[in-house]
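Data first, discussion second: the structure below is written as structure tokens.
The values are calculated or read from the model by the stated rules, or taken from the named source; none is laboratory data. Treat the numbers as computed from the prediction; the structure is a model and nothing was measured. Here the Cβ positions follow ideal geometry from the backbone for every residue, glycine too, while neighbour counts run over all protein chains shown. For the accessible areas, the whole protein counts, side chains as well, though only heavy atoms, and no ligand, DNA or RNA atoms are used. Shrake-Rupley method; radii C 1.70, N 1.55, O 1.52, S 1.80 Å.
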Amino acid sequence: MSGEKFPGGQKASYRVVLFYSTSGTLVAEKILKRERIEYKLIPVPRHLSSDCGICLRFLREDEGRVMEAIGGKVEIQDIHSL
Amino acid sequence: MGLIDNEGLQWSNLSRKQGSNPNAMKGSRVIYLDNAATSWPKPRETWRAMENFMRHIGANPGRSGHRLSIEAARIVLEARMAVAELLGIEDPLRVVFSRNATEALNLAINGILRPGDHVIISSMEHNSVMRPLRALEKRGVEIKVLACSPEGELNPQEVEQAIRGNTRLIVMNHASNVVGTLIPLAKVGETACRNGVIFCVDAAQTAGAYPIDVEDMKIDLLAFTGHKSLYGPQGTGGLYIREGLEGVLEPLMRGGTGSRSEFQEQPDFLPDRYESGTPNTVGLAGLSAGVRFVLSQRIVQIRANEEAKTQLLIGGLESISGVVLYGSRDARKQIAVVSFNIAGLTPSEVVMELEEEFQILCRPGLHCAPAAHQTIGSFPQGTVRLSPGYLTTEEEIHVILEAVGKIAARVTEGGVAHV
């Protein structure tokens, strides 16, 4: 999953944010869409503890923007690197 | 009128099959005046959204990670967001869905009250409030019923006077389903808030028909139905739950939520804490579209439209000799629900004539609110209830008034009431 490449050729590095419910995940998705932050909805990787089936994956470099956008609006369960 | 599809209004097939009344065959349309029971017809957006879900999505929301499941979950979220926008709710996840307002009220009432608690209600409540409370009364909950005036009006000062040390909850319907009279919601909310009492509103008749803001009105719990003025399908409704109340509000049911699956205990976060089992996603697709319809028409415009038709109906009925009118007789003080009787006839006789002779559909009797009929003085026979909707036309109101006038005239002339 972390093997995708940027056009420049270097490996992309991802973080995933997990929420307590699918509703919460989809509220966060709406915020990221509105803020034009690149993301992907993916099934929660099995090695991570899961409260709901899906989570949001984003580029590591966007973490500050992601946290600022969704902080205080949706309760975050956990954040992990992939 | 462009907003609805009138195919559903064709009456001819049904009346031919019944073959009971030759007059019925002449009229090709019915006049539906039972919107307080459920609104009809629905905007076409409602059933198109339901068809779209059934045909193209169909999956279980929040149960799997695949795209159709996510799409279904988005539909449910959109419905929450639409309801939240309409009612001034900041966090859409604090809207939990149920089958109807009755289930939402049962959740609120049974979830909050414990033996020894005191609860205040009005004498205009529907049985969806009365019956759960009377059952709890047998288990030690004390109920104070505030008597409303014969017009169905509540004196908000009486709420303050009724509050005691163990008063836990105030439950009030925003508007009576029998006479339409509105209660001064913001005043009761302010009193409840100042005294630290939880305020639960039964908005079955008003959500979508009258402006509501849960913050301005200091509402802690608000039960709504999807199939009346929100123009969704039957089988949808819900409860708004103020932040922090989940600690004291026990769920009505527990079960699978698609979250916290490794635990055998119910999750404590919203909406999952109160939404167990596969939801009515097809219904919520329709509800979402129905609420968007309300938002697009604007609630102040809907209210003004219904208020004008209500005043027309009240004024017309008042001028008919032999008609006994109930309620405030002032459209500014009520929603589009009008109750009356014709002296010398029972409500069901009047309703039968309205249907058979004039193709007007409405509801006689007690409307699941015996206490309200006791308050307005129409118990046990009940009333004839006319409830126009946003899609009812002014022309239809004139047809109804003419029909009631004819039926009443036959009684005063001493003729046989029966057709």
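Answer with yes or no whether B:T392 is under 20 Å from the mean Cα position of the chain (by Cα) and not in a helix (DSSP H, G or I).
yes
Condition first: part of a helix (DSSP H, G or I), closer than 17 Å to B:L295 by Cα and either within 7 Å of chain A (Cβ to nearest Cβ) or not acidic (D, E) (or both). Now tell me which residues in region B:76-99 satisfy that.
B:L77, B:A79, B:R80, B:M81, B:A82, B:V83, B:A84, B:L86, B:L87, B:P92
What do you reckon, is A:K30 within 11 Å of chain B (Cβ to nearest Cβ) and among the basic types (K, R)?
Yes; evaluated as a whole, the condition is true for this residue.
Out of curiosity, is B:I163 of a type in the set (A, V, I, L, M) and surrounded by fewer than 20 Cβ atoms within 10 Å (Cβ to Cβ)?
Considered against the rule, which asks whether it is of a type in the set (A, V, I, L, M) and surrounded by fewer than 20 Cβ atoms within 10 Å (Cβ to Cβ), B:I163 comes out as yes.
Could you list all residues from region B:57-72 that are within 11 Å of another protein chain (Cβ to nearest Cβ) and either crowded, with 17+ Cβ neighbours inside 10 Å or not in a loop (DSSP other than H, G, I, E, B) (or both)? Step through it out loud before you land on a result.
Of region B:57-72, the ones within 11 Å of another protein chain (Cβ to nearest Cβ) are B:60-67, B:69-72.
Listed by number, the residues that qualify are B:P61, B:G62, B:R63, B:S64, B:G65, B:R67, B:S69, B:I70, B:E71, B:A72.
If the requirement is being among the charged types (D, E, K, R) and without any contact (Cβ under 8 Å) to a residue 60 or more places away in the chain, which of these qualifies: B:D220, B:D202?
B:D220
Pick out the one residue from B:R292, B:R254, B:R303, B:R260 that is in a helix (DSSP H, G or I), open to solvent by 50 Å² or more (accessible area, probe 1.4 Å) and basic (K, R). If you could, list the steps in order and put the result at the bottom.
On the way: B:R254 fails: in a helix (DSSP H, G or I); B:R303 fails: open to solvent by 50 Å² or more (accessible area, probe 1.4 Å); B:R260 fails: in a helix (DSSP H, G or I).
Criteria check complete, one pass: B:R292.
So B:A417 passes all but one of these: (1) open to solvent by less than 40 Å² (accessible area, probe 1.4 Å); (2) at pLDDT below 95; (3) closer than 30 Å to B:M172 by Cβ; (4) hydrophobic (A, V, I, L, M, F, W, C). Which condition number does it fail?
So the condition that B:A417 fails would be (3).
State which residue is most open to solvent (accessible area, probe 1.4 Å) when the search covers only region B:271-289 and only residues that are farther than 26 Å from B:R242 by Cβ and away from chain A (no Cβ under 14 Å).
Among those that are farther than 26 Å from B:R242 by Cβ and away from chain A (no Cβ under 14 Å), it is B:V282.
Looking at region A:19-39, I want the residues that are within 19 Å of B:G256 (Cβ to Cβ) and have a partner that is among the aromatic types (F, W, Y) and open to solvent by less than 10 Å² (accessible area, probe 1.4 Å) with Cβ atoms under 6 Å, at least 6 apart or on another chain. Which pairs are those?
Hits for this filter: A:T25/A:F19.
When you go through B:H373, B:H367 one by one, which is the residue that is touching a residue at least 40 places away in the same chain (Cβ under 8 Å), assigned to a helix (DSSP H, G or I) and surrounded by 17 or more Cβ atoms within 10 Å (Cβ to Cβ)?
The conditions single out B:H373.
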